[in-house]
1. Mind jotting down the distance between the C-alpha centroids of the range 3-37 and the range 47-66, whole Å?
2. What's the extension gain from Tyr138 to Phe159 if we count 0.36 nm per residue and subtract their Cα-Cα distance?
3. Could you give me D for the range 2-170, from Stokes-Einstein at 10 °C and 1.306 mPa s, where the hydrodynamic radius is the Kirkwood radius over C-alpha pairs? Units µm² s⁻¹, please.
4. Among Ala5, Pro151, Val76, whose Cα projects farthest towards the positive end of the dipole of the range 2-170, with charges put on the beta-carbon of Lys, Arg (+1) and Asp, Glu (-1)?
Amino acid sequence: MWAWALLPVFLAVFGIIGMWAVFAIAVFNNTVNITEEVPFISTCGSYNPQSCLFSQICNICSVLALWIVIIRFQQVCDLGSGSHLNTAGLVLGFISSIGISILGNFQQSIVMGAHLLGVFLTFFLGLAYFWVQAWLSYHSLLSHDRKWVVPVRALVMCFFAFFAIFAAEFRHIDCHKLTVQNNERKSTSYANGVWAIQEIH
């Protein structure tokens, strides 16, 4: 049934709109100050009333993700690729889906350890789940769309891996100011990552 293909699209759209709504509420009621820094969505979801919305959005996304994982598991079995790797994908997807619920229900301002556990389960095991799905798509003999699905999945997973690398590198930067310079000035960088303009004498 082709309508099941809309389920991942609905999950993505619902999750994105929900996270932006939490961010907007946090900015609107001044629980975060975006003039000082751009807050993480976990920070926005730590305060009332948006913490309730954040929890509900994460719970709904968790159920939708689990539903998609089960449908994908059965789809791979129906294509004749039922294997231990498919079962491992089911387990990874299940744990990652539970992680979404954990990170939404345990706010970072209250139970940081449980929140970080949910983040780890969601993102790192979720990334492993998607690599397993790319592998299963590549080795599925009866799949008609594997010629374009496998490269797209691999490209998206590489993008997520690079994003994680950049996030690890950028966490050390306090602030960064960019300015336009003309021919009479030169820019010098300081150790803390701030760019300044100096006059040339």
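Each reported figure results from applying straightforward, stated rules to the coordinates on display, with no laboratory input. The structure displayed is predicted, hence computed values, not measured ones. Quick reminder, even Gly has a Cβ in these numbers, built from the backbone with ideal geometry, and neighbours come from all protein chains shown.
1. 10
2. Extending this stretch completely gives an extra 5.7 nm.
3. My calculation gives 92 µm²/s for D.
4. Val76
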